[in-house]
Amino acid sequence: MPELSAMNEKELTDVLELLKQGGLKALVCDTPVPLSDIPVKCGQPTIPGDHEADDYVMLPKALVGTHPEIFVPVVGDSMTGANFEEGDRLRVQLGTTCRDGDNVLAWIDGSCTVKTFFQDEDGMQWLVPQNDAYDAILLTGQYDVRLLGRVVGVEKASPRTSFSNCQKYIRRAKSRLKLARQLTPEQVDGVLREMGPEVRHARQWYAVYRALADQQLVDEGTLVSFCERVAALLPTHAHLPTARELQRMAVQSFAKPLSLWSALNAPVSGVRFNDYLRIGRLTAAKLDELSTALPF
């Protein structure tokens with residue numbers, strides 16, 4: 001692996017820090033793992049032949065153990081139930097002990113296949129497909145069998161999401177926003193009153209505000225007017241919000257839509273985080289109920 005320049009190292013450090021702030025722990029891929037271009041059939045065994053590694057895949061050192069590893073491509077459909085599909089690449093840890101339920105790379109009479117290893121109540125060992133179209137293979141003395149290693153990861157052939165799937169979710173989001181904007185101020189006030197009993201701490205009103213902002217029922221950043229609105233609707237509430245207190249919550253993942261809130265990157269944690277998320281989602285659900293009831 002070529003050494004990074006000073007600029008690239010800084011850029012990498014910055015990216016890792018941004019990922020950390022976003023609640024993700026990233027690892028640098030700096031350790032080569034051999035990649036074979038010989039397919040491992042998820043179906044009937046195939047003959048691997050004598051072959052050396054064709055290329056290498058870089059993985060984080062922390063993910064590569066003391067046992068050697070190799071990537072092998074998949075053909076066939078006998079393991080679709082394990083989400084191994086043709087074109088995927090399986091990461092196999094060689095020389096490890098295989099236990100019941102492990103997906104394994106097996107050598108049978110000079111051929112290789114990927115199946116699930118299992119020992120039944122009678123002590124008989126099987127290689128089990130994950131597709132009803134195939135039969136399990138009983139490992140008897142008639143076979144020369146070696147379990148070469150277990151599958152510890154799968155790299156999908158096509159990590160992209162289809163255009164039509166993206167369009168479906170975008171249309172749903174647009175429809176939701178359109179419906180929400182048709183709610184009257186009186187309907188929104190009704191939701192605020194309903195949420196009063198759910199709020200047990202003044203700052204929890206931020207979750208209600210966030211749900212309204214997500215559906216464009218209040219303008220982003222209008223905390224003062226939101227607090228005034230709540231105070232006017234619920235003047236005797238024991239935990240009325242203030243803009244200053246709510247502003248303290250508008251940080252980290254809480255500064256984003258509810259769908260992006262993360263317990264790994266939030267101003268509160270544990271049970272408190274769950275309470276905020278519950279209140280926000282409950283508010284959104286009540287708004288959705290009103291939206292779907294609108295006449296057309």
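The table that follows gives values for the structure above.
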| quantity | calculated |
| --- | --- |
| Criterion: touching a strand residue (DSSP E or B) at 6+ places or on another chain (Cβ under 6 Å), acidic (Asp, Glu) and at negative phi - qualifying residue of Asp122, Asp102, Asp132 | Asp102 |
| Any hit, region 91-100, residues being small (Gly, Ala, Ser), part of a strand (DSSP E or B) and modelled with pLDDT under 85 | no |
| Residue in region 236-245 that is among the charged types (D, E, K, R), assigned to a helix (DSSP H, G or I) and over 13 Å from Val199 (Cβ atoms) present | yes |
| Residue match in region 80-91 (condition: among the β-branched types (Val, Ile, Thr) and open to solvent by 40 Å² or more (accessible area, probe 1.4 Å)) | yes |
| Residue check for Ala136: within 15 Å of Val154 (Cα to Cα) and not polar (S, T, N, Q) | no |
| Unmet requirement for Asp288, which otherwise passes all of (1) part of a helix (DSSP H, G or I); (2) under 29 Å from Lys174 (Cβ atoms); (3) at pLDDT 95 or above | (3) |
| Test: residue in region 237-245 that is surrounded by fewer than 17 Cβ atoms within 10 Å (Cβ to Cβ) and closer than 30 Å to Arg172 by Cβ | no |
| Matching residues in region 198-217 - criterion: being part of a loop (DSSP other than H, G, I, E, B), open to solvent by less than 20 Å² (accessible area, probe 1.4 Å) and within 16 Å of Pro241 (Cα to Cα) | Val199 |
| Criterion violated by Ser259 - all others in (1) in a helix (DSSP H, G or I); (2) under 19 Å from His201 (Cβ atoms); (3) among the small types (Gly, Ala, Ser) satisfied | (2) |
| Residue in region 218-225 that is part of a helix (DSSP H, G or I) and out of contact with any helix residue (DSSP H, G or I) (no Cβ under 7 Å at 6 or more places or on another chain) present | yes |
| Filter result for Tyr169 (aromatic (Phe, Trp, Tyr), closer than 30 Å to Phe273 by Cβ and at pLDDT below 85) | yes |
| Residue in region 155-165 that is over 31 Å from the mean Cα position of the chain (by Cα), not aromatic (Phe, Trp, Tyr) and not in a strand (DSSP E or B) present | no |
| Matching entry among Glu186, Glu220, Glu245, Glu198 (being acidic (Asp, Glu) and touching a residue at least 60 places away in the same chain (Cβ under 8 Å)) | Glu198 |
| Some residue of region 125-137 being at pLDDT below 80 and either surrounded by 10 or more Cβ atoms within 10 Å (Cβ to Cβ) or in a helix (DSSP H, G or I) (or both) | no |
| So Ser253, is it open to solvent by 50 Å² or more (accessible area, probe 1.4 Å) and polar (S, T, N, Q) | no |
| Tally of residues being surrounded by fewer than 17 Cβ atoms within 10 Å (Cβ to Cβ) and more than 17 Å from Glu186 (Cβ to Cβ) across region 218-227 | 5 |
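The values are calculated or read from the model by the stated rules, or taken from the named source; none is laboratory data. From a predicted model like this one, the values you see are computed outputs, not experimental measurements. Neighbour counts run over all protein chains shown; Cβ positions are idealised from the backbone, glycine included. Just the protein is used for accessible areas: all its heavy atoms, side chains included, with ligands, DNA and RNA removed. Shrake-Rupley method; radii C 1.70, N 1.55, O 1.52, S 1.80 Å.
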